[in-house]
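Engineer: Sending over a structure as structure tokens; questions will come in a sec.
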Amino acid sequence: MGNSNGVNSIGHEESFEGVLTRLAEGLTLEDRKRANKAGADIFAAELKAKTPRSDRIYHDGTPHIQDAVLVITEPSGRVDVGYSDESKRGYIARFQNDGWIATDRNGYSHKHVPGKHFWEEAEAASKDRIQEAIRQSLEDAFARKVSDK
């Protein structure tokens, strides 16, 4: 680094400034969507694996809770993981996860049925992999910004 008059300088300064400008502009909406989706896909797979599956065979097209897990990417870049509205299984998953107080047909409360806490187990089991997927996605986004001309 340096030139003939003894002043230190960065070669290809315009190119370097362009890279810094692109990095300073931050992430695009597509970059955020890609990063959020990378993490959500990992969580959804773990949630599906941890969600209990009944032995019941549904003949009317009703899916098992496990088969109702879905990932939705919002236009804002937010990515939601949950159970599909069409399946009408989300409320059952909530009971299974959190537990409930059993009542009889007369409305009398009986024992508390403990929850299985599969949602929390899926979060804990996938946390590190989610963070790594998001980090890798963001790293790729910044690498693209650096290589853009």
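The values are calculated or read from the model by the stated rules, or taken from the named source; none is laboratory data. These figures come from a predicted structure and were not determined experimentally. Every residue, glycine among them, receives a Cβ derived from its backbone with ideal geometry; neighbour counts consider all protein chains shown.
Engineer: Identify the residue in the range 69-116 that is basic (Lys, Arg) and assigned to a loop (DSSP other than H, G, I, E, B) and, among all such residues, is farthest from Arg34 (Cα to Cα). Outline the logic, then answer.
Structural biologist: The first filter runs over the range 69-116 and keeps only residues basic (Lys, Arg), leaving 78, 88-89, 94, 105, 111, 116.
Filter once more, keeping what is assigned to a loop (DSSP other than H, G, I, E, B): 78, 88-89, 105, 116.
Details: Arg78: 10, Lys88: 28, Arg89: 28, Arg105: 49, Lys116: 31 Å.
Going through the qualifying residues, I end up with Arg105.
Engineer: Another question about this same structure. Just the residues that are surrounded by fewer than 16 Cβ atoms within 10 Å (Cβ to Cβ), in contact with a helix residue (DSSP H, G or I) (Cβ under 9 Å, 6 or more places away or on another chain) and either closer than 19 Å to Glu46 by Cα or aromatic (Phe, Trp, Tyr) (or both), please, taken from the range 101-120.
Structural biologist: Gly115, His117, Glu120
Engineer: Answer with yes or no whether Gly26 is out of contact with any Ser or Thr (no Cβ under 7 Å at 6 or more places or on another chain), over 19 Å from Ile130 (Cβ atoms) and not acidic (Asp, Glu). Before the answer, list the steps.
Structural biologist: Values: out of contact with any Ser or Thr (no Cβ under 7 Å at 6 or more places or on another chain): yes; over 19 Å from Ile130 (Cβ atoms): yes; not acidic (Asp, Glu): yes.
So Gly26 fits the description; yes.
Engineer: Against the definition (in a loop (DSSP other than H, G, I, E, B), at pLDDT below 95 and over 27 Å from Leu29 (Cβ atoms)), how does Gly61 come out, yes or no?
Structural biologist: Values: in a loop (DSSP other than H, G, I, E, B): yes; at pLDDT below 95: yes; over 27 Å from Leu29 (Cβ atoms): yes.
Criteria met by Gly61.
Engineer: To continue, here is another question. On the given criteria, is Ala143 under 30 Å from Gly26 (Cβ atoms) and modelled with pLDDT under 90? So that I can check it myself, show each step before the final result.
Structural biologist: Details: under 30 Å from Gly26 (Cβ atoms): yes; modelled with pLDDT under 90: yes.
For Ala143, the condition - under 30 Å from Gly26 (Cβ atoms) and modelled with pLDDT under 90 - is met.
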